[in-house]
1. Output the residues belonging to region 414-426 that are buried (at least 16 other Cβ atoms within 10 Å of the Cβ) and closer than 21 Å to Arg278 by Cβ.
2. Specify the residue that is nearest to Trp43 (Cα to Cα); the eligible residues are those in region 110-133 that are touching a helix residue (DSSP H, G or I) at 6+ places or on another chain (Cβ under 7 Å) and in contact (Cβ under 8 Å) with a residue 60 or more places away in the chain.
3. In region 464-483, what residues are over 16 Å from Tyr361 (Cβ atoms) and part of a strand (DSSP E or B)?
4. Are there any pairs, at least 6 apart or on different chains, whose C-beta atoms fall under 7 Å, with the first in region 236-255 and on the phi < 0 side of the Ramachandran plot and the second surrounded by fewer than 21 Cβ atoms within 10 Å (Cβ to Cβ) and of a type in the set (Ser, Thr, Tyr), and if so, which?
5. Would you please name the residue that is modelled with the highest pLDDT, looking only at residues in region 386-411 that are assigned to a loop (DSSP other than H, G, I, E, B) and either more than 21 Å from Val463 (Cα to Cα) or among the hydrophobic types (A, V, I, L, M, F, W, C) (or both)?
6. Can you pull out the helices (runs of 4 or more DSSP H) entirely within region 301-375 that have at least 1 residues that are under 24 Å from Asp460 (Cβ atoms), more than 16 Å from the ligand (Cβ to nearest atom) and of a type in the set (A, V, I, L, M)?
7. If a residue must be surrounded by 13 or more Cβ atoms within 10 Å (Cβ to Cβ) and either basic (Lys, Arg) or part of a loop (DSSP other than H, G, I, E, B) (or both), how many such residues does region 438-452 contain?
Amino acid sequence: MRFLILIFICSLCACSSSVAKRLDDDILVGGIESEKKYKGLLWYNVSLDTEMRVGVRLLNPPPQTRLFLPMNWGGRSDLAERININAAEGPKGPLAFTIDRTEGVIEIDTRDAEWVQLQYTVNLNGTDRVHPQLERGNIFAFVPSFLVRPSSSILDKLIDIPIEIRTPKNWLVVSTWPLVHNKQSITNTDEIIWSYLVPNPSQLVDAFINAGPQLKKRTVGNVTIVTNIKQFEKSKPLADFVFEIVNAFSKRFGSIGETKVVVRPRRNHSEGYIGMGRRGGFVIELDELTDLEKEAKILIAHEAFHLWNGHSLVSDVDAVAQTRWFKEGLTEYVAIKKLYQLGYLTRMDFLDELAAGASAYWSNPARSKPTLTGEDAEALSYDRGMLLAFAIDIMFLKTSSSATIETWLVALTQTEEAKSPGYTTALLQKSLFEHIPLNPYTESFWQRFVVGKQTLNLRDIFVEADLHYLPRRFNRASKLIELEKKDPIYEQLFSLP
Ligand SMILES: [Zn+2]
């Protein structure tokens, strides 16, 4: 059922029009020179303290402005419920608007208005990792979870989007958005204004912010790590480790700009380690510890590799689902291989991680039910993807003296199609076979297991590397045994670059 609320704001509420007057000079948007048509036409003002208040302003709006609430992201469909719309205003005062929460659309009557500003508050009481939240005095939010935005037809044309975050004086703000400057507000000396200028819509949305009085920032090289002051008394070992990993990937896959890493308190100890990697930065949940466990190191390496092999906000939903194995499973494989090469995992650890992934794949109910969705289906793409990546890496080792799976990845990430429209199975296939010989084995493997999604035969996959797979039995974990033979393939896998 469609649920429509019609709101007319009358002169009774005129006092709230003081929120959005002319563009203030101590804010960045006043300094944007619009030499390009769509430069700086959209503007966000975010106020943070114990609350989160957001103003989204569009200059030169159409007669009827449609703005969109955040709907599905991070596996959650309740994001819009956490947003309260307070007012819509133009230069002459309040404007009439409607909210259709089923469709997630706000429509504002903007006839003859030079600009329109929608004011809303974001609920920070979420306990879920996807929801914006106030945690131990600090605010953390993934941008797609709270951003109200114009239609794609407007958004896609915009460049240089100014964002201003106002915080109390003693706060620190860290975001994947590019910071231009932070300075005291002229109008309120108790406030700091953090001014960002975001080059394009995808960087606007694919971002996170972390802000508060209890944050500590540590920078090593181009990596900035933010932790809660009370959580990590000594954040240096963690910062050094993250820098080493990012740096090792940079050497192989090309350097990237500044990287922001946010460490959040681990909230659920029963479900393993959790993180989320975006381009420009990543978020990890860790315990209050200084010595990193193996699982935490694998998590960090995995999220760090998403800086190169990240999820992009492409609109082709089918391509996203088809290539999830590549984004997640291959990322996991490259992560554990890199940790082995850097000496953080032993040869045995490396094999145990592969065997554990194989075992998890085999016991996952989603393996034989392709229509299943949810957590099992998501876990399947990790484990299945890791096995596919391993099999492809072995193909490289058997057919080339120098190329590895990383050779393919470096070439792939540099293609224009990888950036836009993003990965598709056809693109992966085209670029793979530019580096690997097309023979009956490689071709049939790709067609059967990647395109056709047939069930993987674990013994067959591992025997290609001269490894014998022993499935899990009773309380003995699954295992990979090195077969004794002359010049086994696994020795090439273990050889250091
Ligand atoms: Zn991932």
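1. Hits for region 414-426 are Ala418, Gly422, Tyr423, Thr424.
2. Gln119
3. His468, Arg473, Arg476, Ile481, Glu482
4. Hits for this filter: Pro237/Thr290; Phe253/Thr413.
5. Ala403
6. Details: elements: 317-322, 331-341, 347-363.
Output list reads 347-363.
7. Number of matching residues: 1.
Results for (1) out of contact with any Leu (no Cβ under 7 Å at 6 or more places or on another chain); (2) of a type in the set (Ser, Thr, Tyr); (3) touching a residue at least 24 places away in the same chain (Cβ under 8 Å), shown as yes or no for each residue.
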{"position": "Ile436", "(1), (2), (3)": "yes, no, yes"}
{"position": "Ser444", "(1), (2), (3)": "yes, yes, no"}
{"position": "Thr455", "(1), (2), (3)": "yes, yes, yes"}
{"position": "Pro488", "(1), (2), (3)": "yes, no, no"}
{"position": "Gln492", "(1), (2), (3)": "no, no, yes"}
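The values are calculated or read from the model by the stated rules, or taken from the named source; none is laboratory data. Model, not experiment: these values are computed from the prediction. Glycine gets a Cβ as well: all are built from the backbone with ideal geometry, and neighbour counts include every protein chain shown.
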